[in-house]
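Q: After the structure tokens below, expect a handful of questions from me.
The values are calculated or read from the model by the stated rules, or taken from the named source; none is laboratory data. Remember, it's a predicted structure, so these values are computed and weren't measured experimentally. With ideal geometry, Cβ positions are generated from the backbone for all residues, glycine too; neighbour counts draw on all protein chains shown.
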Amino acid sequence: MSGNLILFIAYVAYLFIASCVTFVLFLKDKKMAQGGGGPVRIKEKTLLGACVFGGAIGGFIGRLVAHHKTNKIYFSFTIYLSLLLEIAAFVVLLVFAVK
């Protein structure tokens with residue numbers, strides 16, 4: 001197995017784990033928001049940070065499923081930009097992995 005293929009597999013595994021965590025964060029924050037929120041809501045910086053650092057797919061799906069933060073333009077911009085960057089990195093690593 002080549003080093004490029006191992007790197008590609010590691011990247012895909014990282015994206016999967018980060019997306020699952022981000023998805024759960026979005027669902028949990030939505031549930032807390034519906035229950036009055038209280039002092040322990042998940043910060044917007046945390047949600048966006050999770051999207052930027054590999055969880056954009058989970059954040060995107062979490063927003064759709066939970067209908068959470070859908071009116072916030074900066075959330076949409078950040079998630080879409082992160083998705084584009086993750087997809088670009090995926091394609092680049094895939095090209096080098098199959099070479």
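Q: Cβ-Cβ under 7 Å, sequence separation 6+ or interchain: first residue in region 1-21 and under 18 Å from Tyr80 (Cα atoms), partner assigned to a helix (DSSP H, G or I) and of a type in the set (Asp, Glu). Which pairs?
A: These pairs meet every condition: Leu15/Glu86.
Q: Another one. Looking at (1) more than 10 Å from the chain's Cα centre (by Cα); (2) modelled with pLDDT of 95 or more, find the lone condition where Leu47 falls short.
A: Leu47 satisfies every listed condition except (1).
Q: Specify the residue that is modelled with the lowest pLDDT; the eligible residues are those in region 21-40 that are of a type outside the set (A, V, I, L, M) and exposed (fewer than 14 other Cβ atoms within 10 Å of the Cβ).
A: That would be Gly37.
Q: What are the pairs, 6+ residues apart or on separate chains, where a residue within region 55-83 that is exposed (fewer than 15 other Cβ atoms within 10 Å of the Cβ) has its Cβ under 8 Å from a residue that is at pLDDT below 95 and not in a helix (DSSP H, G or I)?
A: Ser76/Thr70
Q: At pLDDT 95 or above, surrounded by 12 or more Cβ atoms within 10 Å (Cβ to Cβ) and of a type in the set (Val, Ile, Thr), is that true of Val91?
A: Working: at pLDDT 95 or above: yes; surrounded by 12 or more Cβ atoms within 10 Å (Cβ to Cβ): no; of a type in the set (Val, Ile, Thr): yes.
No, not satisfied.
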